[in-house]
Amino acid sequence: MASVAYNFMVVDPNAHSRRYSEQNGFDHYDPRDNRPLPDPIREYNSKSPTHRNSSVAVDLGEGSGSLKRRRSRKKSMNGGDKVKDDRIKVQVCVQFFKVGEIDTLKEQYTADVIVRSRWREPSLDGQLSEGGDITDVRKYWNPKLYIENSYGDHKEMFRYRLVFNDKGEAYMTEKRTVKGTFMENLELDDFPFDVQDLTVTVASEFPYTDVEVVEDLENHHMVNKQSFVDEQEWHLYSHTECIQRELTIDQFDPSVRRSAVSVKCRAARRPGYFVWNIFMITFLICTLSFATFSVDKWLPQNRLQLSFTLVLTAVAFKSVVNQSLPRISYLTYMDKYLLASMFMMSAVCTWHGVVTTLEGNKPLANFIEYIVLGCLAAIYVVYNIGFCILIYVFPCKKRRIMAQKDVEHNKLRREHTPSQPALRRMLTLTKTISADLPGLINS
């Protein structure tokens, strides 16, 4: 994808720059021709700096294939330079129509996404008769948007329309329906109490100096919770967040960057399965290790046999957990709990081996064993209580924040959505005006 995006600068036609050149009063210049610069440009650049308040830079590098527009600088009132950004703005809105399975092991998810984008088409301003669906989009400029984090082959459907605002300004709109798999770097520190971002990154194949991809403030992002497939394992939130960013395509040339926006929704894992099948079983296994103290301390072979069996059972549970997680280099909350339980059972096994050295003084051995049993039991109880508090304070805090964002999102949505009585009143008023309109015209 990087090579395709990088080579696009070479082969892309310069239709959009031609429109802007024609508006500025000079004909389009093709760098591939061997003709000199048009007279208006030469005359413009030959002017003295005192007679102009801006500058135009023309890049005539080999294979550029287009007239590259630079940021013009205007002199400010205080003598400084004021930078004016003349990049073409492409407004993007992402709607998560259907979120499918979230694969933790492969760090990817499937979804049906609708990407709506629009940009200005100055050459069609005021031509209201041209509005509607566009069948031949090749004669118009296109920002060449693509999904940056898509994985494998995905299905896409396009629909283009030309719309006008109240001022008669023309906008080209693109509706892209994408069905496929998307990559996502999952943050598993809080597993299985984690909250994951599901991101769709939309970028343009043009350089960031020519095209700026921004969030569409008029059309809101949306998450369809009713069609969520993995509802048994995840809870999908209804709010979204958008981040504007720049992508570095060529690692050896940081200047080759693309403008992009990342729209993400969030899903929280339902931890019930892991709590009852992993945490609870591990807690019971570790608790049973204290039952080995009931065996005569002068029979260490029996004590160690029972303790080692419990340790191997805990190791088997650890292996099952590792099969459901990618090979990460840090510990999750489940890893920490399982390792702490194994350390506790190892301490019990160590004591069963040490107590045999006190065989010559049985009263002292009994006294020390009571102390060791009480200390290990107290440490284990305190650790479990502290672990529950830790989960409530940190991982669950993020869930509470996400729930609060959902409440605020739903509140704003209700404020911008008319109520049913209001809709009925608007419909009645519309019918009344439509019925009275012929009489008003005749009068």
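The values are calculated or read from the model by the stated rules, or taken from the named source; none is laboratory data. All figures in this text were calculated on a predicted structure; none of them were measured in a lab. Virtual Cβ from ideal backbone geometry, glycine too; neighbours counted across all protein chains shown. All accessible areas refer to the heavy atoms of the entire protein, side chains included, with ligands and DNA or RNA removed. Shrake-Rupley method; radii C 1.70, N 1.55, O 1.52, S 1.80 Å.
Let's see how each residue does on (1) assigned by the TED database to the domain that holds Leu186; (2) free of Cβ contacts under 8 Å to residues at least 40 places away in the same chain; (3) among the small types (Gly, Ala, Ser); (4) under 27 Å from Thr309 (Cβ atoms):
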site: Ile328; (1), (2), (3), (4): no, no, no, no
site: Ser341; (1), (2), (3), (4): no, no, yes, yes
site: Met345; (1), (2), (3), (4): no, no, no, yes
site: Val354; (1), (2), (3), (4): no, yes, no, yes
site: Tyr370; (1), (2), (3), (4): no, yes, no, yes
site: Leu373; (1), (2), (3), (4): no, no, no, yes
site: Ala377; (1), (2), (3), (4): no, no, yes, yes
site: Phe387; (1), (2), (3), (4): no, no, no, yes
Give the residue, chosen from Val256, Val200, Val178, that is closer than 29 Å to Trp141 by Cβ, of a type in the set (A, V, I, L, M) and at pLDDT below 95. Val256
Just one listed residue, out of Leu331, Leu364, is in contact with a helix residue (DSSP H, G or I) (Cβ under 9 Å, 6 or more places away or on another chain), aliphatic (A, V, I, L, M), open to solvent by 70 Å² or more (accessible area, probe 1.4 Å) and not in a helix (DSSP H, G or I), and it is Leu331
Could you please find all residues in the range 389-402 being aliphatic (A, V, I, L, M), without any contact (Cβ under 8 Å) to a residue 40 or more places away in the chain and under 17 Å from Asp197 (Cβ atoms)? Ile401
Against the condition in the same structural domain as Ile114 (by the TED database), buried (at least 18 other Cβ atoms within 10 Å of the Cβ) and within 22 Å of the chain's Cα centre (by Cα), how does Arg245 come out, does it pass? no
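Here's the yes/no breakdown for (1) farther than 12 Å from Glu174 by Cα; (2) in a loop (DSSP other than H, G, I, E, B); (3) of a type in the set (Phe, Trp, Tyr); (4) in contact (Cβ under 8 Å) with a residue 12 or more places away in the chain:
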{"residue": "Asp86", "(1), (2), (3), (4)": "yes, yes, no, yes"}
{"residue": "Lys98", "(1), (2), (3), (4)": "yes, no, no, yes"}
{"residue": "Glu101", "(1), (2), (3), (4)": "yes, no, no, yes"}
{"residue": "Thr110", "(1), (2), (3), (4)": "yes, no, no, yes"}
{"residue": "Ser117", "(1), (2), (3), (4)": "no, no, no, yes"}
{"residue": "Asp153", "(1), (2), (3), (4)": "yes, no, no, yes"}
Just one of (1) in contact (Cβ under 8 Å) with a residue 40 or more places away in the chain; (2) touching a Lys or Arg at 6+ places or on another chain (Cβ under 9 Å) trips up Arg258, so point out which. (2)
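Restricting to the range 376-389, name every residue that is open to solvent by less than 70 Å² (accessible area, probe 1.4 Å) and either hydrophobic (A, V, I, L, M, F, W, C) or at positive phi (or both).
First pass over the range 376-389, keeping only residues open to solvent by less than 70 Å² (accessible area, probe 1.4 Å): 376-378, 380, 384, 386-387.
Within the range 376-389, Leu376, Ala377, Ala378, Phe387 qualify.
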